[in-house]
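Participant: Dropping the structure in here first, questions after.
The values are calculated or read from the model by the stated rules, or taken from the named source; none is laboratory data. What you are looking at is a predicted structure, and each value in this text was computed from that prediction instead of being measured. Just so you know, the surface numbers come from the protein's heavy atoms only, side chains and all, with ligands and any DNA or RNA stripped out. Shrake-Rupley method; radii C 1.70, N 1.55, O 1.52, S 1.80 Å.
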Amino acid sequence: MQERIAEILSEAKERLACATEKKEVDDIRVAILGKKGQLTEILRGMGGLSKEEKKQIGPLANKAKNELEQLINKKFDDVKEAAKNAQFKKEKIDVTEPGREFRMGVKHPITLVAEEISKIFKDLGYEVVQGPLADTVYRAFDGLNSPANHPSRDLTDTFYFNEDICLRPHTSTMQVRTLEEREAPFRIVSLGRCFRCDTPDATHSPIFHQCEGLIVDEGISMTDLKGTLDLMAKQLFGPDTKTKFRPHHFPFTEPSAEMDVSCFKCGGKGCSVCKGSGWIEILGCGETHPNVVGLGGIDTEKYTAFAFGMGLERIAMLKYGVDDIRLFYENDMRFIRQFR
Ligand code: DAH
């Protein structure tokens, strides 16, 4: 019997030493001191022992019980402490760790230019309108008075979905849309993405942006066009900017012109930006052709119009001194962050 008690005690100590979790300690307690525990059975069997044996075994069993109880309680405390420490370790916060840099987003340079141009025209009473990127071939060409053999209709110039639908090659589709939908007078600008089958190089991209403008009112003439676009140029490139209108041809305007601005870099003396000429071409414009003005039923005897279209990338490249259009689409934050 003595041996059995000693055995229980040593075995329990061994198991306790290895235990790392509360559940394990509790299992040991139940196995030894629980209702049917090894030591409990011995203590319960005391009644059947002789007086002599009782005297010998009783204190021994009680001592073992006390010792084990103490060991188990101590182990409970240890396990609890260890669990707490492990959690602390896991949740440890290094207060000396440097903070993570918070990066504010910036507006893309094309967005900045689009917003600046929108503001100029809003201040002049124009409404900024949006249109779909895919539109009818009619709105891209026929409605704009483009002859069936116009080179821009070529499959190598425009992306077609089928005979009737294409990705808009210019924002001029918005002239047709607004003329179809609106009563005169009105004035709109529309800024957005356009598409052409161009191989990317320093000045071409198959996806680019344009701003289209159209004003329809009584008595709109070339002088309104010149005054408006001259004002826009001065706001975009500075108050000393001069403008020059060169005759040109567009199917949807008559007369048509291209507008140049005096070089804001050299002031007109000639430099690398203006390629020595002192002037930089920035847009196409003209008095809108009556065939276009009248396509939605507007009375072309009463109302006249002017329109213009310009590339936003070109304006951004000039304003910000960017020499390769591809930089706008590479999503390199080192580039984009420069234009805040
Ligand atoms: N749509 C022309 C282009 O993409 C630009 C243009 C020229 C638009 C003259 C106009 C305009 O509204 O009147 O090259």
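Participant: Which lysines, on any chain, are close to LYS275 with Cα under 20 Å apart, when same-chain ones fewer than 8 places away are left out?
Facilitator: LYS242, LYS244, LYS265, LYS319
Participant: On full extension of the chain, what length is gained from MET1 through GLU101, given 0.36 nm per residue of separation minus the C-alpha to C-alpha distance?
Facilitator: Working: separation 100, 0.36 × 100 = 36.00 nm, distance 7.19 nm.
Length difference between fully extended and current span is 28.8 nm.
Participant: Follow-up question, since we're still on this one. Is the shape of the stretch 161-264 best called rounded, prolate or oblate, per the rule: a/c under 1.5 gives rounded, else a/b larger than b/c gives prolate, else oblate, with a ≥ b ≥ c the square roots of the Cα gyration tensor eigenvalues?
Facilitator: oblate
Participant: Taking the alpha-carbon centroid of each part, what is the distance from the stretch 209-239 to the stretch 31-95 in angstrom?
Facilitator: 94
Participant: Return the carbon/sulfur percentage of the accessible area of the chain, one whole number, probe 1.4 Å, all protein chains in place.
Facilitator: Values: 10040 of 19610 Å².
Taking all protein chains in place, the chain shows 51 percent carbon and sulfur surface.
Participant: Most mobile of ARG314, ARG246, ARG103 per a Gaussian network model of the chain (Cα springs, under 10 Å)?
Facilitator: Answer for the Gaussian network model of the chain: ARG103.
Participant: Suppose only helical runs count, i.e. DSSP H with n ≥ 4. What mean residue ellipticity at 222 nm does that imply for the chain under -39500 (n - 2.57) per run, divided by all residues and rounded to the nearest 500 deg cm²/dmol?
Facilitator: Calculated mean residue ellipticity at 222 nm is -12500 deg cm²/dmol.
Participant: Picking from GLU258, GLU116, GLU91, which is most flexible by a Gaussian network model of the chain using Cα springs under 10 Å?
Facilitator: Highest fluctuation of the listed residues: GLU91.
Participant: Moving to a separate point now. Between ILE93, ILE207, ILE215, find the one with the highest GNM mean-square fluctuation for the chain; connect C-alpha pairs within less than 10 Å.
Facilitator: The residue that fluctuates most here is ILE93.
Participant: Moving on to the next point. So which aspartates and glutamates pass the test for LYS54, namely a Cα distance under 16 Å, with those fewer than 8 places away in the same chain ruled out?
Facilitator: Partners found: GLU3, GLU41.
Participant: I've got another one for you. Roughly speaking, what is the centre-to-centre gap between the stretch 270-327 and the stretch 124-201 when only Cα atoms are used, to the nearest Å?
Facilitator: The stretch 270-327 and the stretch 124-201 have Cα centres separated by 14 Å.
Participant: By a straight-distance test (C-alpha under 20 Å), which aspartates and glutamates pair with LYS92 as possible cross-link partners, with residues fewer than eight away in the same chain excluded?
Facilitator: Here the aspartates and glutamates satisfying the reach criterion relative to LYS92 are GLU81.
Participant: Given a 1.4 Å probe, how much area per residue of the chain is accessible, in Å²?
Facilitator: Values: 19610 Å² over 340 residues.
It amounts to 58 Å² per residue over the chain.
Participant: Continuing with the same structure: Scan around HIS248 for amide H atoms under 5 Å from its own, H built in the peptide plane at 1.01 Å from N, and keep only partners 5 or more places away or cross-chain.
Facilitator: Those lying under 5 Å, H to H, from HIS248 are SER256, ALA257, GLU258.
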